[in-house]
1. For the pair TYR61 and ASN263, what calculated FRET efficiency results from E = 1/(1 + (r/R0)^6), where r is the Cβ-Cβ distance and R0 = 35 Å, to the nearest 0.05?
2. Return the calculated 222 nm mean residue ellipticity for the chain, to the nearest 500 deg cm²/dmol, obtained by summing -39500 (n - 2.57) across DSSP H runs with n ≥ 4 and dividing by the residue count.
3. For the range 868-1011, with every protein chain kept in place, what is the accessible area per residue (1.4 Å probe, Å²)?
4. How large is the accessible surface of GLU26 in square angstrom, using a 1.4 angstrom probe and rounding to the nearest 10?
5. Could you work out how far helix 922-939 tilts from the main Cα principal axis of the chain, as a 0 to 90 degree angle to the nearest 10?
6. How much length, in nm to one decimal, is gained on full extension between GLU602 and ASP270, taken as 0.36 nm per residue of separation minus their Cα-Cα distance?
7. With a/c under 1.5 counting as rounded, go ahead and sort the range 158-280 into rounded, prolate or oblate using the C-alpha gyration tensor (a ≥ b ≥ c being the square roots of the eigenvalues; past the cut-off, prolate if a/b is larger than b/c, else oblate).
8. Would you mind working out the accessible area per residue for the range 1-74, using a 1.4 Å probe, and quoting it in Å²?
Amino acid sequence: MEFYRSHVLVCGGAGCISSGCKSVQEALVSEIKKKGLEKEIKVVTTGCMGPCDLGPVMIIYPEGVFYQKVKVEDTKEIVESHLLKGEIVERLLYRRPGDAEPIPCSDDIDFFNKQKKIALRNSGLIDPMVIEEYISRDGYSALAKVLSEMSPEEVIQEVKASGLRGRGGAGFPTGLKWSFAAKAKGYPKYVVCNADEGDPGAFMDRSILEGDPHSVIEAMAIAGYAIGSNQGYIYVRAEYPLAVSRLTHAIQKAREYGLLGRNIMGTGFDFDLDIRVGAGAFVCGEETALLASIEGRRGEPRPKPPFPANEGLWGKPTIINNVETFANIPVIILKGSQWFNRLGSEKSKGTKVFALAGKINNTGLVEVPMGTKLGEIIYDIGGGIPNGKKFKAAQTGGPSGGCIPKEHLNAPIDYDSLKELGTIMGSGGLIVVDEDTCMVDFARFFLEFVQDESCGKCAPCRLGTKRMLEILDRITKGEGEEGDIEKLEELGNIIKETALCGLGQTAPNPVLSTIRYFRHEYEAHIKYKKCPASVCAALFNAPCQNSCPAGVDVPRYIDAIRSGNYAESVAIIKETNPLPAICGRVCNHPCEAKCKRAQIDEPIAIRALKRFAADYELKHSEEIKTDKLPDNGKKVAVVGSGPSGLTAAYYLALEGYRVTVYEALPVAGGMLAVGIPEYRLPKKLLMSEIKQIESFGVEIKTNIPIGKDLTIEDLKENYDAVFISIGAHQDLKLGIEGEMLEGVYHGAAFLRSLNLGEKVEVGNKVAVIGGGNVAIDSARSALRLGAGEVHIFYRRQRDDMPADKNEIEEAEKEGVKIHFMTAPERFIGENGRLVAMECIKMMPGDFDKSGRRRPVRIPESNFKIDVDTVIAAIGQKPDIESIKTSCQFNKNGTLKVEEESMMTNVPGIFAGGDCVNGPATVIEAIAHGRKAALAIDEYLGGDARRRYNDRVKNIKRKTEHVINEEHMLRREAGCLPVAERLQGFSEVELCFSEEDALYEASRCLRCDIKD
């Protein structure tokens, strides 16, 4: 035997082959020969190592160094640096998403070290084309043990005792199935391996056959011995040529070694295998259809009983197990049923292989103990969701499965828990989807697949799924009708109860589970003709406009900028948003998250373009012409002059209403005026946009709190309608010791005092508690007030921070230190004055309903820090006590309104903004204000909504510009240098130059133009 100082294992799974591993391996071998190292270094082609998205991948032993995304041109450096000099090539190492620190060894990578491999024990470690490598890892030892030490009954009993359930989807106890076949009368008996893996996104069985084919061969021989069979068949689809090739080679080698065929190991036991290649029909995954296909007949299921264990292949007793089930058998025989039984959950023993696919950082094959929580698979092994997107759901069980939403990330993944959630294990496909996925369209995709693959033998499946698909098609095209959801549920339940085979009976699962967990998306499609995920193109003009809560026509106003018509651009924005200069600075720009330009290079800087146009208007207001209807004699009172109240007042004034806004603060603007620091939103600019609204006849009365001398009911008597938009100004309290000490502030109150010009003093060392925009604004403001050190303490992880990511980065540039997984326990004072804070370290716990890990205290991790000032910014709520109204409230303290009309339980009284939504964004408040204005107009007999809709329908979507699809980097407006920022409260973010604005506008793809 030859000995080598290093082995280079190159993944030869189908995924890595498609990404070029063969060329990489050939180049690697060539470079090794050039350096004369061929007798020292051995290159081995293995089966799938797991992380398919990182391919081509390789591991170099004995160090265990893992290299990813290796290219042909990298092989020279690997040979010269690593194999010759012993220096690791850092640039090819794996890095956790969002982490710049490289991880050299595979054992230290979460994707690998959090798995428990049984079925995949050899895949990625041995050369599947070399039988000796399988034998060296106890290969065929289990068969030898069975044939020499155990009776067939003992084998079956051992499999029963292990608790192994079929991994093909149904989860039927494997040992029980074998016992039925063993007792069945009739001969010959057959062992069949189902490798017809037809689920979209599933490749577990294929990878086992490609990477460890002998484990299946050995297991099938053991099964043959147990039930009294001498012949087996592996049914594999033609789309798996690599699996067929390696399996064929393995069978041939097993025969040559006397491990298949006659008189195996000299024991007198005969067993042989043949491969049957299927045409790829999905229905052949159903066992009776599979048997029909092996027999040469059309693959159609038949009614059961009789079950295959009694009457299967050619009418003889047959056991059918899938590839993964068989791959577990040799380990169970060698290590014992008790060892296997200790793994997994109470009723689902062992491990399960999953094919992680979809919107997840680490796609590929993973194997974990049954009962592992869904969140652990997605975040610990899968690395979470790419590009900062939010997890939405996981689809298990393929086309026959269902969806699991974020509120069930703690669900243990086993047969019984999945059934309770309305889905199934299936063969192990696990497709992850993020916030950009439309669940109605997602369900339609799977149902379309099932309908297309239906064998057509039974009417419920053939016709029922067709009718369901027709309904889903209508819904996604904006033609959904009231009652469609109920029809889908009724049809789905009928199909489940009456379809002939398991595939037909589970076909409605994707639809029923998405209705169960995402009914609101179906309702949005049907009632409001809106696709919240911006996927169903028939329901919107462009994804950016659709994702804007206010529905701003982004493509048109960007096109106007590109044409140099800046006044027209502002006019387009103001059709649905009267505060473009404000939103151009503080909007969280959800439009950019949906921008299709990101598929080419980067999203368009939509917010910066809005600011550019709006700032132009502030200097050339005479160019903006806005139509206003004559006074109609009707009066509307607006309570609160924040973004929602100002918006409602603006659009009502344009319709001819006399609008009076009542504001409790001494200044107009609500949270815009007192909740956002000057460096983000200059007060002069805010007042300019407010004055524009006043110019249309809106009267704003400040220093008039509603609820004391003047009540909502008083307003109702004197006005035709009332709109409540008091915002959410009241700080939430921490509820810990010392919160009332001098030197302890609360975020919203701190910013309010600062913005109103009141004297606010901070000490040298400031601690801010929280992770939202108020916390970030408080921290950056404290620096500008002269603090020497500012620290933010946040009890969750960085990715969980709700603050705008750009604001977080700018705060860190300015010197703010952020401490994650840390929470305050108490504030310590001397003589009534804050002097220190006691904190405790946290660790990630289970997932909460928001899909984030719940922070859990680490015992005895308390520590103290000296602080002069603490600003607690953990959230706000509406001050409902201040308005004293007979309107109904929700349990969380927000006003209860009818969703479409925005009306409270009191006729004529409407509400919107943060006092309805809870603390939200400026653009959401603006959207509520406009929606309320249209609802109030309709309530008072107006037709503003109809006229607006008619006007939108008549807009001709066209452009005179060339659509630029070549790679164009995004322009950024830039910021003030850090040193200049901290001298005061000057605006940090700069405005686009005209040149940059025209360039950035030219990147728009005009997704709204359908022709």
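The values are calculated or read from the model by the stated rules, or taken from the named source; none is laboratory data. Treat the numbers as computed from the prediction; the structure is a model and nothing was measured. Every residue, glycine as well, gets a Cβ built from its backbone with ideal geometry; the counts of neighbours run over all protein chains shown. Quick note on the areas: whole protein, heavy atoms, side chains included, nothing else; ligands and nucleic acids left out. Shrake-Rupley method; radii C 1.70, N 1.55, O 1.52, S 1.80 Å.
1. With R0 = 35 Å, the Cβ-Cβ based efficiency is 0.35.
2. Details: 37 runs with 352 residues, N = 1011.
Using -39500 (n - 2.57) per qualifying helix, the result is -10000 deg cm²/dmol.
3. Working: 7480 Å² over 144 residues.
Per-residue accessible area for the range 868-1011 comes out at 52 Å².
4. Rounded to the nearest 10, that gives 130 Å².
5. With both axes taken from Cα atoms, the answer is about 70 degrees.
6. Between GLU602 and ASP270, full extension yields 113.2 nm more.
7. Values: a/c = 1.82, a/b = 1.14, b/c = 1.60.
It comes out oblate by the Cα gyration axes.
8. Working: 3390 Å² over 74 residues.
On a per-residue basis, 46 Å².
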